[in-house]
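Here's the structure, in structure tokens; my notes come after.
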Amino acid sequence: MKIVPKRPIKYSVVDAFTDRAFKGNPAAVCLLEAEDKRKDDEWLLGVAREFNAPVTCYLTRALRHNDDDCDESEYDKDCNPVFHIRWFTTVAEVDICGHATMAAAQYLFASGLVKSNLIRFIGLSGSLTAKKCLARKSEDTSKILSNGSRCEEDNRCREPDDFFIELDFPTNTLVECDPSEIPSIPQTLNGASIEVSSGQNVIDLKPNFEELKGWKGGRGVVITGKAPHGSGLDFISRLFAPNLGVDEDAVCGSAHCALAPYWSKKLGKFDFLAYMASPRGVLVLHLDKETQRLKIRGKAFIVMEGSLYA
């Protein structure tokens, strides 16, 4: 009997919020074609477990795609390509993920699958965008990232493959908890509330993940504190989500959709340099006061590419 091989599904593993391998936060990205849409959630979850990355995301073209003609029936109203996106940890689907969206945008931009400088994603949290921003030769990374107006393209820019990605996400609200009301939290987090006295205390925290698994109060537990004076940072945070298969998220973009409004009220500002206290990354944020949308800026690095035959 002749065995017909299955059509391979292209994938990429990308480190987000970094410009080099083995830093930032890794995500697997799978591009599904029309016939792959029949894959059920159990298959999507199985693939995520196989990759064993913090998050695996799946992309499908929202409409028939044709790069030669800009037909509004195939793009959004501004002629930008549109993709459906879903995000899975090793145990569950999540409704939003910043670093995996950045990884997906890096894959699409770097591979040449899209020619536009902006991609629109449609997910469980609504419409999200990723913008490709070339870096100017005369500016260092920190200056480029701290000024949204530099997200542009001109003849002073670096090579086309040297770019930043700017995500546009909706903001969210942190739910502040009293640790004394949750039996497992005081011991796990040494009595800490959502905000501790200093960023160094955030770094020094040693959580008990087994106890945290017993907490059903939300997607995860965020601990944050003001960054030390002179550090160049605004605030420091950590996110624990063992119920979603991620004991500690190395760099979580979506958590900052709640952290940015929280710190905006405390610090009276809208631009932030935020450190997630893992050895893997820093985030640059701009909160739009009027629209309550958050711009999350950073780079991403493709670590590996291949084909999935499952």
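The values are calculated or read from the model by the stated rules, or taken from the named source; none is laboratory data. It should be emphasised that the depicted structure is a prediction, and the values quoted were computed from it without experimental measurement. Neighbour counts are summed over all protein chains in view; Cβ atoms, including those assigned to glycine, are modelled from backbone coordinates with ideal geometry. With ligands, DNA and RNA removed, areas are computed over all heavy atoms of the protein, side chains included. Shrake-Rupley method; radii C 1.70, N 1.55, O 1.52, S 1.80 Å.
Report, ordered by the first and then the second residue, all pairs with beta carbons closer than 9 Å, sequence separation of six or more or different chains, a first member in the stretch 15-39 that is modelled with pLDDT under 90, and a second member that is surrounded by 11 or more Cβ atoms within 10 Å (Cβ to Cβ) and in a helix (DSSP H, G or I).
39/47
Has the stretch 298-306 got any residue that is open to solvent by 40 Å² or more (accessible area, probe 1.4 Å), more than 18 Å from residue 29 (Cα to Cα) and among the charged types (D, E, K, R)?
No, the stretch 298-306 contains no residue that is open to solvent by 40 Å² or more (accessible area, probe 1.4 Å), more than 18 Å from residue 29 (Cα to Cα) and among the charged types (D, E, K, R).
Could you run through the stretch 285-294 and say how many residues are at pLDDT 95 or above and not acidic (Asp, Glu)?
Step one: filter the stretch 285-294 for residues at pLDDT 95 or above, giving 285-288, 293-294.
Those still in the list that are not acidic (Asp, Glu) too: 285-287, 293-294.
Residues that pass the stated criteria total 5.
Would you check if there is a residue in the stretch 132-144 being open to solvent by 30 Å² or more (accessible area, probe 1.4 Å) and modelled with pLDDT of 90 or more?
The answer is yes, given that some residue of the stretch 132-144 is open to solvent by 30 Å² or more (accessible area, probe 1.4 Å) and modelled with pLDDT of 90 or more.
Testing residue 113 on (1) hydrophobic (A, V, I, L, M, F, W, C); (2) open to solvent by 10 Å² or more (accessible area, probe 1.4 Å); (3) at pLDDT 95 or above, one condition comes back false. Which one is that?
(3)
Kindly indicate the residue of the stretch 249-291 that is assigned to a loop (DSSP other than H, G, I, E, B) and of a type in the set (Val, Ile, Thr) and also nearest to the chain's Cα centre (by Cα) among those meeting that condition. Quick ask: steps written out before the conclusion?
Step one: filter the stretch 249-291 for residues assigned to a loop (DSSP other than H, G, I, E, B), giving 249-255, 268-270, 277-281, 289-291.
Checking the rest, the ones that are also of a type in the set (Val, Ile, Thr) come to 251, 291.
Details: 251: 8, 291: 20 Å.
Per the stated criteria, the residue is 251.
With the checklist (1) farther than 30 Å from residue 39 by Cα; (2) within 15 Å of the chain's Cα centre (by Cα) in hand, flag the one item residue 246 doesn't pass.
Here residue 246 meets the rest and fails (1).
So which residues in the stretch 11-32 are among the acidic types (Asp, Glu) and open to solvent by 70 Å² or more (accessible area, probe 1.4 Å)? Outline the logic, then answer.
Let us first name the residues in the stretch 11-32 that are among the acidic types (Asp, Glu), namely 15, 19.
The one that is among the acidic types (Asp, Glu) and open to solvent by 70 Å² or more (accessible area, probe 1.4 Å): 19.
Just one of the numbered conditions (1) modelled with pLDDT of 80 or more; (2) within 30 Å of residue 112 (Cβ to Cβ) is not true of residue 156; which one?
That leaves (1) as the condition not met.
Evaluate the stretch 259-278: report whether one residue or more is touching a Gly at 6+ places or on another chain (Cβ under 6 Å) and closer than 20 Å to residue 100 by Cα. Break it down stepwise before answering.
Initial filter on the stretch 259-278 (touching a Gly at 6+ places or on another chain (Cβ under 6 Å)): none.
No: the stretch 259-278 contains no residue that is touching a Gly at 6+ places or on another chain (Cβ under 6 Å) and closer than 20 Å to residue 100 by Cα.
Those residues that are in a loop (DSSP other than H, G, I, E, B) and either at pLDDT 90 or above or buried (at least 22 other Cβ atoms within 10 Å of the Cβ) (or both), I need them from the stretch 202-241; list them, please. Steps first, answer last, please.
Initially, the stretch 202-241 is screened for residues in a loop (DSSP other than H, G, I, E, B), giving 205-208, 213-220, 227-234.
Result: 227, 228, 229, 230, 231, 232, 233, 234.
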